[in-house]
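Below is one structure, written out as structure tokens; comments come after it.
Bear in mind that the values in this text are calculations on the coordinates, not laboratory data. Note that the structure is a prediction, hence the values are computed from the model and not measured. Backbone-built Cβ (ideal geometry, glycine too); neighbour counts: all protein chains shown.
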Amino acid sequence: KFKIGIGGCPNSCMKPSLNDFGIESHRVPIFDEDTCRGCKVCMVEKSCPSKAAHVENGKLHIDEKCLACGVCTGKCPFKAVRHESPVVYRIYVGGTWGKQTRMGTPLSRFVTRAEIEPLLEKTMLWFKENAMPKERLGKAIDRLGIEKFEHDVFSDDLLNRREEILAK
């Protein structure tokens, strides 16, 4: 069993993190401190749904709790906050929904659109090679470790051994 979920909302409205392979789009805000004028009523701060943006000592700061939802981008009249282009994606692996719920583990970095399909293929090859019969992807990741999983899917070794893995 292998489920794939795709969501366009970084607030997890579509719950891609509850699938074996979840794709969630993000717009990472880029802050230009030199352009910031430290407005008393900061439009970026007002628009941030996660409350990660706030003005301190006359300058805007964006905390690490930023969801990269992109709501704040373009709100500053002085263009101090813009978004990274193109859209980037957060990949969740190993999520399950049902009797035994497990939130998917986010990969350690954002990926581009071009990286999604090879990552999906490598994830399925890793699953075929490492999972026990009737074991879900999340259980296999918990058993072997997310570090091993990421090492394997971010390298090309699985693709080079595709025929060998599928022949098993």
So how tilted is helix 113-130 from the main axis of the chain? Cα-based, degrees 0 to 90, rounded to 10.
30
Cross-link partners of K40 among aspartates and glutamates (Cα-Cα below 12 Å; sequence separation of 8 or more within a chain):
E56
Find which of V55, F31, V41 sits farthest along the positive direction of the dipole of region 28-83, computed with +1 on the beta-carbon of Lys and Arg, -1 on that of Asp and Glu, about the Cα centre.
V41
Before anything else, pin down the relative contact order of region 82-141: Cα pairs under 8 Å, at least 6 apart, normalised by residue count, whole percent.
34
Can you give me the distance in nm between label points at V87 and I146, each placed 7 Å from the Cα along the Cα-to-Cβ direction?
2.4
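Between their Cα atoms, which of K99/K134; K15/K128; K15/K148; K65/K122; K1/K99 are more than 22 Å away from each other? Mind showing how you got there, number by number?
Working: K99/K134 15 Å; K15/K128 24 Å; K15/K148 25 Å; K65/K122 30 Å; K1/K99 15 Å.
Cα-Cα > 22 Å for K15/K128; K15/K148; K65/K122; rest within.
By count of other Cβ within 10 Å, fewest leading, how are H83, H61 ordered? Present the calculation step by step, with values, prior to reporting the outcome.
On the way: H83 19, H61 14.
With the fewest neighbours first, H83, H61 line up as H61, H83.
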Relative to the Cα centre, what is the charge dipole magnitude of the chain, using +1 at the beta carbon of each Lys and Arg, -1 at the beta carbon of each Asp and Glu, and rounding to the nearest 20 debye?
760
Between K59 and T101, what length in nm is gained on full extension when 0.36 nm per residue of separation is reduced by their alpha carbon distance?
10.9 nm
